Amino acid sequence: VLRHSLCFIVSIAASNVWPDRRLVISHSLGHAYFFYFSDCQGITAEEGETLSKEVARLVALDLPIRRQPVNYIHAL
């Protein structure tokens, strides 16, 4: 549950930092996930730090994480 929740938080953070880019979360690699942007452009170390700070900001909000089933059409 925590790993999946972290994926959603990273996705939201990436969307906040780069609203025009789409983060793709791919298959897990051992005990990790593979993230990349659909435009195939990587990020710099500075951009990685910016993303990390946004993730930390979102986590610090301590918002509740609830499981809520959503049908496919509404998820789009």
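Here, each number is a calculation from the coordinates, and none is a lab measurement. This is a predicted model, so every value here is computed, not measured. Note that we place each Cβ from the backbone using ideal geometry, even for glycine, and neighbour counts take in every protein chain shown.
Numbers for the structure displayed
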{"quantity": "Theoretical ellipticity at 222 nm over the chain - DSSP helices of four or more residues, -39500 (n - 2.57) apiece, nearest 500", "calculated": "-14500 deg cm²/dmol"}
{"quantity": "Qualifying trypsin sites (Lys or Arg not before Pro) in the range 7-76, DSSP loop, other Cβ atoms within 10 Å at most 14", "calculated": "Arg21, Arg22, Arg66, Arg67"}
{"quantity": "Cβ-derived FRET efficiency at R0 25 Å, Ile25 paired with Val59, nearest 0.05", "calculated": "0.90"}
{"quantity": "Asn71-Ala45 FRET efficiency (beta carbon distance; Förster radius 35 Å; 0.05 resolution)", "calculated": "0.30"}
{"quantity": "Whether the chain is rounded, prolate or oblate, judged on the alpha carbon gyration tensor where a/c under 1.5 counts as rounded", "calculated": "rounded"}
